[in-house]
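All remarks here apply to the structure that follows.
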Amino acid sequence: MIKGFEPKISLGQNFLTDERFLRQLVEQTPLTSEDTVLEIGAGQGEFTLALAERCKNVITIETDGRLEKVLRERLSSAPGVRLVMDDVMKLDLDELMRGYGAFHVAANLPYYLTTPILNLLLHSVMPIRSISVMVQKEAAQRVMALPGTPAYGPLAVAAAYRSTPRAALSVPASAFSPPPKVDSVFLVMPCLDRPAVSVKDERTFRQVVAAAFAMRRKTMLNNLVKAFGFTREQALRCLSDTGLPEDIRGERLTLHQFAALAGSVTDEMCRIKS
Ligand code: SAM
């Protein structure tokens, strides 16, 4: 830890300081020496430097200005590293990464931003090859959850649509400084060349998924009526066209069923307009 530095829990500053785990994380990240990596949250720069040994470029973002001086000093020894002092949620990542071609994302995420960051990456049109991130164990469960289980939700659907997530490593709290109060998992998500299912319209697909989980205990029928302003008959037609029973709940739908249902919803909306 940098001498005299007071980590801010509000910024998720639990630094990974255990060398063994740093090495294992980099080994698990699917990188070659020609690759570019986007890191979110440089912290004290240890993971940044470990990544830089394995690939050509590392673009790392850090929001805490107190870390800038030390980071610039530490990272100056690694020519392929570019430090961007900014808030990842306010930056135009598309603009930042333009010119690097397809790239990987690797990060020991600030846990308070896990869902927004994963949503940002999974829904972006950027050419992302893989997303390898340290997250809280419960977040990893939400990313990998199967239909009908309590953790299943929009994040699992978005992850399965775009990638093949796996829990690569469990990391104990003792590997961090200060140790977090939660268990951590390093998730590796190689991104698919094209989405796992084809959808007619991505926006409608996302709206259908969001509607399914907006009120988990309600049927998909009721959620379609509410989210799309359909009559009961229109919503019923969407379900029956997809081969789904009228009492099904959204939380039971597979990725393929969501895609098919979104197709029927798109058709129904076109019918209403014409
Ligand atoms: N990469 C380092 C490591 O592995 O030890 C630090 C990881 S620490 C869990 C998360 C880092 O993300 C912190 O350095 C924190 O300051 C930074 N961070 C928090 N919010 C951020 C934001 N909105 N934009 C960019 N960085 C952020």
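The values are calculated or read from the model by the stated rules, or taken from the named source; none is laboratory data. Just so it is clear, the model here is predicted, and its values are computed rather than measured. For neighbour counting, all protein chains shown are included, and Cβ atoms are generated from backbone atoms with ideal geometry for every residue, glycine included. Surface areas here come from the heavy atoms of the whole protein model, side chains and all, with no ligands, DNA or RNA. Shrake-Rupley method; radii C 1.70, N 1.55, O 1.52, S 1.80 Å.
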Any residue on another chain or 5+ positions along whose placed amide H is under 5 Å from the amide H of SER177 is listed here as PHE15, LEU16, THR17
For the range 216-274, the charge dipole (Cβ of Lys, Arg +1; Cβ of Asp, Glu -1; about the Cα centre) points to a positive end, and the Cα of GLN234, ALA260, ASN223 closest to that extreme belongs to ASN223
Descending accessible area (1.4 Å probe), largest on the left, turns CYS191, CYS270, CYS238 into CYS270, CYS191, CYS238
For the table LYS90/LYS200; LYS8/LYS69; LYS226/LYS273, the rows whose alpha-carbon distance is greater than 22 Å are LYS90/LYS200
Output row, site LYS69, 7 Å Cα→C-beta label point, backbone N cut-off 13 Å, window the range 2-16, residues 3-5
Using a 1.4 Å probe on heavy atoms of the protein chains only, the accessible area for TYR112 in Å², nearest 10, reads 120
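Please list LYS8, LYS273 from largest to smallest accessible area, probe radius 1.4 Å, with all protein chains kept in place.
LYS273, LYS8
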Counting only DSSP beta bridges fully inside the chain, the antiparallel percentage to nearest 5 is 45
With all protein chains present, the chain has a carbon and sulfur share of its accessible area (1.4 Å probe) in percent of 51
Its Cα gyration tensor gives the chain an equivalent ellipsoid whose semi-axes in whole Å, largest first, are 40, 19, 16
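With a ≥ b ≥ c taken as the square roots of the eigenvalues of the C-alpha gyration tensor of the range 79-178, please select rounded if a/c is under 1.5 and otherwise prolate if a/b is larger than b/c or oblate if it is not?
Numbers: a/c = 1.95, a/b = 1.30, b/c = 1.50.
Because a/c hits 1.5 or more and a/b fails to exceed b/c, the range 79-178 counts as oblate.
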By the C-alpha gyration tensor axes a ≥ b ≥ c (rounded if a/c is under 1.5, else prolate when a/b exceeds b/c, else oblate), the shape of the range 202-273 is rounded
Taking Cα atoms, the helix 255-273 axis meets the longest principal axis of the chain at an angle in degrees (rounded to 10) of 60
In degrees rounded to 10, the 0-90 angle between helix 232-241 Cα long axis and the longest Cα principal axis of the chain is 70
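Kindly provide the chymotrypsin sites (Phe, Trp or Tyr not before Pro) of the range 1-75 that DSSP labels as loop, not H, G, I, E or B, and whose Cβ sees at most 15 other Cβ atoms within 10 Å.
Details: sites: PHE5, PHE15, PHE21, PHE47; in loops: PHE5.
Answer in residue order: PHE5.
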Phi-derived 3J(HN,Hα) across the range 28-40 with the Karplus relation (6.51, -1.76, 1.60, θ = phi - 60°), rounded Hz, x for Gly and Pro, is 6, 7, x, 10, 10, 5, 9, 7, 10, 10, 9, 10, 10
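Find the accessible area per residue for the chain; the probe is 1.4 Å, ligands and nucleic acids are left out, and the unit is Å². Mind dumping the intermediate values first?
On the way: 13260 Å² over 274 residues.
Solvent-accessible surface per residue comes out at 48 Å².
If you take the beta carbon distance between SER33 and THR115 as r and set R0 to 41 Å, what does 1/(1 + (r/R0)^6) give as a FRET efficiency, to the nearest 0.05?
Working: r = 32 Å, r/R0 = 0.79.
Using R0 = 41 Å, I get an efficiency of 0.80.
Counting other Cβ atoms within 10 Å of each Cβ, which trypsin sites (Lys or Arg not before Pro) in the range 74-140 have at most 11 and sit in a DSSP loop? Let's see the in-between values first.
Details: sites: ARG74, ARG82, LYS90, ARG98, ARG129, LYS137; in loops: LYS90, ARG98.
Filter output for the range 74-140: LYS90, ARG98.
About its Cα centre, how strong a charge dipole does the chain have in debye, to the nearest 20, once Lys and Arg get +1 and Asp and Glu get -1 at the Cβ? Before the final figure, lay out each step's value.
Working: 33 positive and 30 negative charges, 119 e Å.
Taking the Cα centre of the chain as origin, the dipole is about 580 debye.
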Between the alpha carbon centres of the range 207-222 and the range 127-144 the gap in Å comes to 24
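Subtract the Cα-Cα distance of ARG232 and SER10 from 0.36 nm times their separation in residues, and report this length gain in nm to one decimal. Working shown, then result.
Details: separation 222, 0.36 × 222 = 79.92 nm, distance 4.55 nm.
Contour length minus the Cα-Cα distance gives 75.4 nm.
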Along the range 215-224, Karplus-curve 3J(HN,Hα) (6.51, -1.76, 1.60; θ = phi - 60°) to the nearest Hz, with x for Gly and Pro, reads 10, 4, 7, 8, 6, 4, 4, 4, 5, 5
